[in-house]
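Enquirer: I have a structure here, written as structure tokens, and I will follow up with some questions on it.
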Amino acid sequence: MTTLIVALAVGAILFGVGLYGALSQTNLVMIMMGVEVILGGALVNLVAFWRFLHPEAYSGQMFVLIVMTVMALDMAVGFGVATGRFRARGSIEMEEARDLKG
Amino acid sequence: MLQTVFTGLFGLAAIWFAVVVFRTSSMVRSALALLFSQAAIGAMFLAMQTEFLGVLQLTMMATEMAIMAIFMVMYMMDPGGLGGMDMTHQKRASQVSGALGGLAALAVAFFVGWGPIAAEVRPGEQVRGLGLEIMERSMLIFETAGVTILTAMIAATAIAIKRRGKE
Amino acid sequence: MIVAALIILGPLAAAVLILALRRLAPALALLGAGVSLIAALFTLSRVANGAAYSATLPGLPGLPLRLVAEPLTAVFAALVAVVGFFVMVYAVGYMRGEGGLVRFFAGMSFFVAAMQALVLAGDWVLLLAAWELIGFSSYLLIGFWFERPGIAPAASRAFLYTRSADLGLYAAIFVLISQTGTSEISRTLQAGGAAAVAAGLFLLLAAMGKSAQTPLHGWLLDAMAGPTPVSALLHSATLVAAGAILLIRAFPLLPPAVLVVVGVVGGLTTLVTGLTALAQRDLKRLLAASTASQYGLMLLAIGAGVPVAALFHLLAHAAMKSSLFLGAGVFQHASGDSTELADLEGMGRARRLTFLGFVIAGLALAGVPPLSGFWSKDAVLAATFVSPNAWLLAPLALAGTLLTGLYVGRALRLLWRGEGESEPVAGERWMGAGLAVLVVLAATLGLAMPPVAGLLGAELSEETLLVAAVGLVAALIGLALGWALPTGRLLGPVYGLAGRGFRVGGGFDGLVARPALGFARALDVFDRGIHAGVLAVGGFGLALARVADTMSDGIHAGVLAVGSASLAVARASRVIDDRGIDGLIDALVRGTRDLGARARELQSGLVHRELLLAAAGVALVFALLIAGSVGS
């Protein structure tokens, strides 16, 4: 139980930090890093849940796998977008990305 | 017991490094901090007796962070962080949201009755179990994930390719 | 028949010629009258021998005009012709030196023609026309000197009196013609019953007017304002005779009841006018009252049932009275144109020849034998004595005889006593000629009575000596008293009344004229009242119109007010619409736009903002899930 709580707490804090980072950074890459942190916290939670609540059900691990895949994918696509943005504007500062302003 | 300690330690490490990611002004250092944070998370996995996932995490994250470092250097205004610019915005809002989010999750963690804790897990069974899971029950998911990866690769490539004829 | 026609045509032609030529008036008049005289005498002689003439002239549809010359009418025609001619002779002398001869002689000739037409009329229509014409001629002749004061009113009064009474003739003719279907006089006289009574009374009314019977006798005295020949011809012998002639001719028609009334009227007249004659201070007026009195006697005779006696008296009276008037005319000229007895005092002494004629005529009038008056009056008295109502009629006749004597005596006394001074009179010879002939006639006409009676086929009443004696005594007593006593002593208490002509209750002025004027005034007030009422109605209508106008103005104003109110409401609603609703909508629009603008701020396009929002959304979902799970 304790381990579980610890793990969950870690996951929670990581989530909070990652949220702070995603919201406060001006740079796209940094935002993506924040998202990575959030997803890391989610991973921690997932693993803790699998390990301490349902270790017999490997679908938990499957979930983790998928999340990891998603992490990778989103970084890839994100960097592709950043590249395109850099090519178009010369910077990836999100402060300047007002093109979709409504 | 030990498990708890290690989990806790590695957890703290992860947290600290995550904080560093955002506090430092040097890009390389951010990338590296992130790398170490993710590594700590992988270590946690290992501490929680999910070897496969832990290894996976470590390896993947290492590669990712390296690439990320490259990208950071490419695109950032001040990669070295020596310019002294404040690269944050909506500080208050983000702080509040982060705090709230963290607190909410903590509250959930502490106040929800999780039920009985599972006992030991056999170490050698994990991989096998996971493989069976993949191949039997979650085959569709895996396949879909594969396709999705492919799609994403193509998409990313498409985005990143220089436009032709419009130079 | 032509000769008979000349009776009328002669004087008529004379009148026309006088008016056309305006010269030789006296000569032409004399000529006309002479032709009429000759023709009348000729006709009379022929009729006496058994001839009867009649002529029919076209008149109204179904009512032709007829002229008839039978014994009765021939006698009348002869009377009118004789008197007319000799008065005309007299008039030539009387009017010498006067102006307006053309008017005078034309009028006289016209009158003679009309009178002859009346006496010869065979149907009522012609008689009525002639009746009216003689009244008209009388008016013209009485008013001959119309410039003098009082003459014109006297003529109008005479005309109005007789004209009012003529209504009786109209009514009688209407009754007779509607009863018998014809206007021929002789045939209508066969009507009987109530129609006869009615017709008889109406005829009496007409006769009363023309013959100056009470109470319609006043006009005759006033008619004396005309020239004396006029008085002699019209108002003694012919015009006033028309009434008596009418009754004599209509005698077969009159039932006994009407005869009684006739007799009473005649008797009353005799009495009243006789007393009036006694009180007169003017000679001509005395003679006029006397005329009315004598005609009263004639009506008495008719009422007694013996029209022949009335006829005799008429003939005799014509001669007697006209002579008296002619004599009075001479005296008038001799005294400087005054007929007041005071001015004529002793005139008889001054003009003895004229006075002689006057005396003879006067005594004849009083009824002294052997003059004509005695015979005629005797006939009248006899008739009244033997009549069914002798108790009533005889005393009246005797009283009349007495009174006649009284005023004749009085007149003679007044003319003889005193020292008169006569002025030279122009035209003496003419006047004398006319006068003389008529005096002779007055004296001798009594001899003609039996032949006339025989001609007419009528019988005189039995002459008793008693009647004759009584009458003579009455006449002589009257003459003596009249000669001897002054009028005051004679009349005594009745003097005042008699002097005023027995005007009772204010006379016609008080009884008829004043009420009529009062009635007219009342009608005027009534008319004015109606006028005011109509004006009030009109004013009311105008007021109503004004009220309606005001009301319509009010309505108009009201409609305008409604209109303005609606306009104001419209304006208000527009204002509300503009400011209120539009404002509301504008506010809405603005609000929406602001909201949109604000919402747009969310769409900053900034990634970090989006992320923040996403985080907030997740938190919200999370909270909801928690709440849901906690709740359940």
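The values are calculated or read from the model by the stated rules, or taken from the named source; none is laboratory data. These figures come from a predicted structure and were not determined experimentally. No Cβ is skipped: glycine too gets one built from the backbone with ideal geometry, and neighbour counts run over all protein chains shown.
Enquirer: Going by the structure shown, is residue B:54 facing another protein chain (nearest Cβ under 10 Å), without any contact (Cβ under 8 Å) to a residue 60 or more places away in the chain and within 18 Å of residue A:62 (Cα to Cα)? Step through it out loud before you land on a result.
Expert: Values: facing another protein chain (nearest Cβ under 10 Å): yes; without any contact (Cβ under 8 Å) to a residue 60 or more places away in the chain: yes; within 18 Å of residue A:62 (Cα to Cα): yes.
When the stated conditions are applied, residue B:54 passes them.
Enquirer: Additional query: Within the range C:136-168, how many residues turn out to be out of contact with any Asp or Glu (no Cβ under 8 Å at 6 or more places or on another chain), closer than 17 Å to residue C:108 by Cβ and small (Gly, Ala, Ser)?
Expert: 4
Enquirer: In the list B:60, B:87, B:27, which residue meets the criterion of being hydrophobic (A, V, I, L, M, F, W, C), touching a strand residue (DSSP E or B) at 6+ places or on another chain (Cβ under 9 Å) and surrounded by fewer than 21 Cβ atoms within 10 Å (Cβ to Cβ)?
Expert: Of the residues listed, the single one that is hydrophobic (A, V, I, L, M, F, W, C), touching a strand residue (DSSP E or B) at 6+ places or on another chain (Cβ under 9 Å) and surrounded by fewer than 21 Cβ atoms within 10 Å (Cβ to Cβ) is B:87.
Enquirer: Between residues in the range B:93-117 that are of a type in the set (Ser, Thr, Tyr) and residues that are in a loop (DSSP other than H, G, I, E, B), which pairs lie under 7 Å by C-beta distance while being six or more apart or on different chains?
Expert: Hits for this filter: zero, empty list.
Enquirer: Also: Given the criteria among the aliphatic types (A, V, I, L, M), farther than 16 Å from residue B:18 by Cα and surrounded by 17 or more Cβ atoms within 10 Å (Cβ to Cβ), does residue A:12 qualify?
Expert: no
Enquirer: For the range B:54-167, please list each of the helices (runs of 4 or more DSSP H) lying entirely inside it that holds at least 2 residues being in contact with a helix residue (DSSP H, G or I) (Cβ under 8 Å, 6 or more places away or on another chain) and over 30 Å from residue B:23 (Cβ atoms). Can you show your working first?
Expert: Values: elements: B:91-111, B:125-132, B:139-160.
Ranges flagged: B:125-132, B:139-160.
Enquirer: Those residues that are more than 7 Å from chain A (Cβ to nearest Cβ) and surrounded by 14 or more Cβ atoms within 10 Å (Cβ to Cβ), I need them from the range B:125-136; list them, please.
Expert: Within the range B:125-136, just B:126 meets the criteria.
Enquirer: Further question: Kindly establish whether residue B:49 is in contact (Cβ under 8 Å) with a residue 12 or more places away in the chain, outside any helix (DSSP H, G or I) and at the interface with chain A (Cβ under 7 Å from one of its Cβ atoms).
Expert: Yes: the conditions hold for residue B:49.
Enquirer: Given the condition in contact with a Leu (Cβ under 6 Å, 6 or more places away or on another chain) and closer than 15 Å to residue C:294 by Cβ, answer yes or no: does some residue in the range C:214-221 qualify?
Expert: Within the range C:214-221, one or more residues are in contact with a Leu (Cβ under 6 Å, 6 or more places away or on another chain) and closer than 15 Å to residue C:294 by Cβ.
Enquirer: From the list C:291, C:238, which residue is more than 22 Å from residue C:347 (Cα to Cα), of a type in the set (Val, Ile, Thr) and not assigned by TED's automatic domain parsing to the domain that holds residue C:147?
Expert: Testing whether each residue is more than 22 Å from residue C:347 (Cα to Cα), of a type in the set (Val, Ile, Thr) and not assigned by TED's automatic domain parsing to the domain that holds residue C:147 leaves just C:291.
Enquirer: If you check every pair at least six apart or on different chains, which have Cβ atoms under 6 Å apart with a residue in the range C:83-110 that is farther than 14 Å from residue C:145 by Cβ first and a residue that is of a type in the set (Lys, Arg) and assigned to a helix (DSSP H, G or I) second?
Expert: none
Enquirer: In the range B:11-40, which residues are within 8 Å of chain A (Cβ to nearest Cβ) and among the aromatic types (Phe, Trp, Tyr)?
Expert: B:22, the sole residue that qualifies.
Enquirer: Residues to consider are C:314, C:324, C:286, C:268; find the one that is of a type outside the set (Asp, Glu) and closer than 17 Å to residue C:165 by Cβ.
Expert: Numbers: C:314 fails: closer than 17 Å to residue C:165 by Cβ; C:324 fails: closer than 17 Å to residue C:165 by Cβ; C:286 fails: closer than 17 Å to residue C:165 by Cβ.
Matching residue, one of C:314, C:324, C:286, C:268: C:268.
Enquirer: Ok, one more. With C:530, C:576 as the choices, which residue is in a helix (DSSP H, G or I), β-branched (Val, Ile, Thr), outside the structural domain of residue C:215 (by TED's automatic domain parsing) and over 60 Å from the mean Cα position of the chain (by Cα)?
Expert: C:576
Enquirer: Just checking, which of A:34, A:21 is in contact with a helix residue (DSSP H, G or I) (Cβ under 8 Å, 6 or more places away or on another chain), surrounded by 24 or more Cβ atoms within 10 Å (Cβ to Cβ) and farther than 24 Å from residue B:53 by Cα?
Expert: Step by step, each of A:34, A:21 is checked, and only A:21 is in contact with a helix residue (DSSP H, G or I) (Cβ under 8 Å, 6 or more places away or on another chain), surrounded by 24 or more Cβ atoms within 10 Å (Cβ to Cβ) and farther than 24 Å from residue B:53 by Cα.
Enquirer: Also, I was wondering about something else. Checking residue B:69 against (1) more than 13 Å from the chain's Cα centre (by Cα); (2) crowded, with 18+ Cβ neighbours inside 10 Å; (3) at the interface with another protein chain (Cβ under 8 Å from one of its Cβ atoms): exactly one of these is not met. Which one?
Expert: (3)
Enquirer: How about the range C:94-142: which of its residues are closer than 23 Å to residue C:168 by Cβ and of a type in the set (D, E, K, R)?
Expert: C:123, C:132, listed by residue number.
Enquirer: Select from the range C:341-386 the residues that are over 20 Å from residue C:447 (Cα atoms) and surrounded by 24 or more Cβ atoms within 10 Å (Cβ to Cβ) and list them in ascending order.
Expert: Matches in the range C:341-386: C:347, C:348, C:354, C:358, C:384.
Enquirer: Any residue at all in the range A:53-66 that is without any contact (Cβ under 8 Å) to a residue 24 or more places away in the chain and acidic (Asp, Glu)?
Expert: yes
Enquirer: Could you name every one of the helices (runs of 4 or more DSSP H) located completely within the range C:339-437 that has at least 3 residues being under 37 Å from the mean Cα position of the chain (by Cα)?
Expert: Values: elements: C:347-350, C:352-366, C:372-386, C:390-416.
The qualifying helices (runs of 4 or more DSSP H) are C:352-366, C:372-386, C:390-416.
Enquirer: Given the options B:112, B:96, name the one that is closer than 29 Å to residue B:52 by Cβ and surrounded by fewer than 17 Cβ atoms within 10 Å (Cβ to Cβ).
Expert: B:112
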